[in-house]
Amino acid sequence: MILYFSGTGNSLAIARKIAEPLGEQVISLHEAVAADLSGEKRIGVVFPTYWLDAPLAVKALIPRIVFPKDAYTFVVITCGAQTNNAIWTVRRLLKRQGVRVDYCHKIRVPDTSALAFGRNPNAQTWKFDKFAPRLETIIADLSAEKHRLHFAGFDPLGWLLNAGSLAKKSYRLTTPVVNTDKCIGCNICVRVCPQGNISLTDNTDRSADRVQNTDKPVAHIGDNCTLCLGCVHFCPHQAVEVGNRPTQKGYQYHHPQVKLKDMIIRKQYQKMDNNPH
Ligand SMILES: Cc1cc2nc3c(=O)[nH]c(=O)nc-3n(C[C@H](O)[C@H](O)[C@H](O)COP(=O)(O)O)c2cc1C
């Protein structure tokens with residue numbers, strides 16, 4: 001069984017590519033909270049790096065999942081460049097449950113945070129083929145149930161950036177904001193958000209100065225954002241913005257082998273809080 005978390009499809013695509021040759025099923029980490037994994041002989045966890053660490057949602061979900069202790073367990077992380085503390089964090093969370101990670105590795109994909117910093121994720125020019133050999137190695141290693149921990153060490157910078165007030169400051173840079181002038185209340189972001197953290201509301205109360213908008217429902221992002229930027233990348237009207245800059249259509253990205261419907265179908269999430277405590 002392979003459990004995944006994904007905001008824009010990179011990690012879902014990698015989870016599927018690993019699952020197929022191994023003959024494993026793929027379910028989201030949100031679904032896994034209610035799943036019976038006790039009979040599984042092999043468990044994989046696939047998710048992205050956000051802010052040099054595992055996503056808030058992953059950190060909150062893993063302690064809620066009952067992992068089998070005797071299964072061959074692996075972690076594969078997607079990242080724009082470096083995983084820093086992401087594998088270390090998840091290994092530590094699994095260890096608390098008495099689960100030992102047998103294998104971990106990373107794979108590079110387009111950086112979905114790029115548009116928050118005024119850069120293009122470069123989906124059109126990204127050389128997916130360049131990283132195919134790494135994926136083949138990972139699949140071969142997992143088929144042979146190898147024991148090898150790549151990129152699993154502790155990284156002080158990753159830890160520092162995700163602690164206390166520094167975390168709040170950095171997370172703010174990649175927290176999506178709805179531009180109520182552009183939002184037409186189409187509901188796509190509501191359905192895409194893996195956290196169930198977006199709803200449509202009348203914007204009367206929140207923007208008394210925008211009288212012209214008061215009669216239309218607009219998206220409202222709640223307090224449990226995990227910063228996946230799915231809402232920013234999938235909005236057909238570029239109405240969800242990040243990094244204090246308008247969203248450019250050409251900068252919106254999702255993995256080419258993952259469709260909007262894939263991101264919506266897997267929505268058996270439970271509306272949840274990022275705070276694991
Ligand atoms: C808020 C945010 C922060 C990110 N931080 C990092 C990072 O610290 N290091 C890195 O290599 N990639 C980083 N990325 C890039 C993602 O790890 C990468 O694009 C990932 O494959 C996205 O996967 P997904 O489509 O499954 O969500 C970040 C992406 C986002 C949205």
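Read-outs throughout are calculated quantities, based only on the coordinates presented, and are distinct from any laboratory measurement. Predicted model, so just to flag it, every value in this text is computed and none were measured. Reconstructed Cβ throughout: ideal geometry from the backbone, glycine too, with neighbour counts over all protein chains shown.
Here are a few things to note about the model shown:
- Qualifying residue in the stretch 48-71 (condition: closer than 22 Å to Asp141 by Cβ and within 8 Å of the ligand (Cβ to nearest atom)): yes
- Summed over the stretch 99-123, residues that are of a type in the set (S, T, N, Q) and within 8 Å of the ligand (Cβ to nearest atom) total 2.
- Scanning the stretch 103-125 for residues that are part of a loop (DSSP other than H, G, I, E, B) and out of contact with any Pro (no Cβ under 7 Å at 6 or more places or on another chain) yields Val109, Ser113, Gly118, Arg119, Asn120, Gln124, Thr125.
- Just one of the numbered conditions (1) within 12 Å of the ligand (Cβ to nearest atom); (2) surrounded by fewer than 24 Cβ atoms within 10 Å (Cβ to Cβ) is not true of Tyr4: (2).
- Candidate set from the stretch 10-24 (those that are out of contact with any Asp or Glu (no Cβ under 7 Å at 6 or more places or on another chain) and buried (at least 24 other Cβ atoms within 10 Å of the Cβ)); member that is farthest from Lys69 (Cα to Cα): Asn10
- Scanning the stretch 72-90 for residues that are surrounded by fewer than 20 Cβ atoms within 10 Å (Cβ to Cβ) and away from the ligand (no atom under 16 Å from the Cβ) yields one hit, Tyr72.
- Number of the condition not met by Ile27 [criteria: (1) more than 13 Å from the chain's Cα centre (by Cα); (2) hydrophobic (A, V, I, L, M, F, W, C); (3) assigned to a strand (DSSP E or B); (4) surrounded by 24 or more Cβ atoms within 10 Å (Cβ to Cβ)]: (4)
Conditions tested, residue by residue: (1) over 18 Å from Ser11 (Cβ atoms); (2) surrounded by 14 or more Cβ atoms within 10 Å (Cβ to Cβ); (3) out of contact with any helix residue (DSSP H, G or I) (no Cβ under 8 Å at 6 or more places or on another chain).
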site: Ala132; (1), (2), (3): no, no, yes
site: Ala144; (1), (2), (3): yes, no, yes
site: Arg148; (1), (2), (3): yes, no, no
site: Phe151; (1), (2), (3): no, yes, no
site: Pro156; (1), (2), (3): yes, no, yes
site: Leu173; (1), (2), (3): yes, yes, no
site: Lys182; (1), (2), (3): yes, yes, yes
site: Asn187; (1), (2), (3): yes, no, yes
